[in-house]
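Taking it in order: structure first as structure tokens, then the write-up.
The values are calculated or read from the model by the stated rules, or taken from the named source; none is laboratory data. A quick note: this is a predicted structure, and the numbers were derived from the prediction, not measured. Neighbour counts run over all protein chains shown; Cβ positions are idealised from the backbone, glycine included.
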Amino acid sequence: MSIKIVSVVGARPNFMKVAPVIRAIHEHNEKGTSPFIRHLLVHTGQHYDSLMSDQFFADLGLPKPDVHLGAGSGSPAGQTADILSKFEKVLLGESPDVVVVVGDVNSTLACALATAKCSVAPGQPRPLVAHVEAGLRSFDRTMPEEINRIVVDHLADLLFVTERSGLANLRREGISSAKVHFVGNTMIDSLRSFQAAADTSTVLDRLGLRYGSEGNGKHKTARPYVLLTLHRPANVDDRKAFQTILEGISKLGREFPIIFPVHPRTRKRIQEFGFEGDCLGKVGSEGGICLVDPLGYVEFLSLMKNARLVLTDSGGIQEETTSLGVPCVTIRENTERPVTVKHGTNVLAGISVSGIRKAIARQLVRKKRTHIPEKWDGKAARRIVSILARSINKGLGKEGK
Ligand code: UD1
């Protein structure tokens, strides 16, 4: 017996979540476990720049996508609709048993919706929707991702949860516990697999972040530096909000170099608002925040691992820093990943100047303490694949649809 799984990637944070699932499928097949899994990778094209996509395929050893939808950028509705209708054609042509979607981006929503509404052929069950990273809630519906999370979880037939808060959220929303599986975090599977590769990266030397300059970088000590990422529309699309955040951070730039790999959305805003200059400069400029191009997975991991402090508005980075034991300040009012605050290394700063400065001061004196959240052990993808294989063997698809 064989089954067919389609997994979907679209935007940067999807790639590291899907890579371990694909690896686990290969392992499953190599061991000869039943059923044999045929796998297809679909890239929606939501992120298309080589630094936002191709570099991640190379770093993570992802196979070339079997199908590329070429969707690209657009308004939220336009982008979602484009992916929705293109993905429906893939479903009709391929008739998979399961579609695996990850995270909370527009591609996740569009492909889950296309699958949930798809009738492959009269009398035949539709493919199952499996959601990896289910149950997270920020309780802030102004975030596009929160809408995506809620809708996808309510469409999904199998929900794979990364932390216990997800179980409680799904229970509260009336989702049957029979569909929900607490498996851990596939993004942390990737992090654990690539830590050794990150240790051989030369990115710190390239950015002048090591003492001394001769010889092979990996034997020299890293200088203390801070890593910054910002890309949320609420933080960077509004001039005043963006300026306030920079004001909250800029004082720290007199103490440490602040390395800022810039997302294309943020780059556009910096140019539009005329922020380049003053506190935003190039690597090597005295003090201030150093803008660099978006980095690949392994280089970014190396930068996170060696940082004195990470400042971010990303979701995934809150989890990665917790797993690495690196202090993190999240420049948001809320988080959908409360385990990173309760047990990890994360604090929420809000977006006021004083909130950001206070959180930075607190994190700079924080004692190093690593508490790895439950099941963030590098085995999440294996658990997922074994549940997928079991569920389809049991004919869950046919009953559930
Ligand atoms: C998306 C996700 C967000 C995730 C982020 C990671 C949604 C709703 N948001 O936000 O959850 O944290 O990815 O990066 O899905 N652009 C380029 N090149 C690219 C991709 C984007 O230049 O390869 C520019 C385009 O101008 C585009 C803008 O960035 O309009 C925003 O891209 P989009 O995919 O809509 O959202 P992100 O802000 O990247």
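Mind checking whether some residue in region 163-180 is within 26 Å of HIS47 (Cα to Cα), of a type outside the set (S, T, N, Q) and either part of a strand (DSSP E or B) or in contact (Cβ under 8 Å) with a residue 24 or more places away in the chain (or both)? No: region 163-180 contains no residue that is within 26 Å of HIS47 (Cα to Cα), of a type outside the set (S, T, N, Q) and either part of a strand (DSSP E or B) or in contact (Cβ under 8 Å) with a residue 24 or more places away in the chain (or both). Could you tell me whether GLY78 is within 12 Å of the ligand (Cβ to nearest atom) and assigned to a loop (DSSP other than H, G, I, E, B)? Here the answer is no, as GLY78 does not meet what is asked.
Residue count for region 252-278 under the criterion of being away from the ligand (no atom under 15 Å from the Cβ) and not in a loop (DSSP other than H, G, I, E, B): the result is 8.
Go through region 1-60 and report how many residues are aliphatic (A, V, I, L, M), away from the ligand (no atom under 12 Å from the Cβ) and assigned to a loop (DSSP other than H, G, I, E, B).
Count: 1.
Of note, LYS64 satisfies the criterion of being modelled with pLDDT of 95 or more, more than 16 Å from the ligand (Cβ to nearest atom), of a type in the set (D, E, K, R) and in a loop (DSSP other than H, G, I, E, B).
Of the residues ASP153, ASP189, which single one is farther than 23 Å from HIS343 by Cα and either crowded, with 17+ Cβ neighbours inside 10 Å or over 15 Å from the mean Cα position of the chain (by Cα) (or both)?
It is ASP153.
Within region 224-253, no residue satisfies the criterion of being charged (D, E, K, R) and touching a Ser or Thr at 6+ places or on another chain (Cβ under 7 Å). Residues in region 242-251 include none that are under 23 Å from PRO144 (Cβ atoms), within 16 Å of the ligand (Cβ to nearest atom) and outside any helix (DSSP H, G or I).
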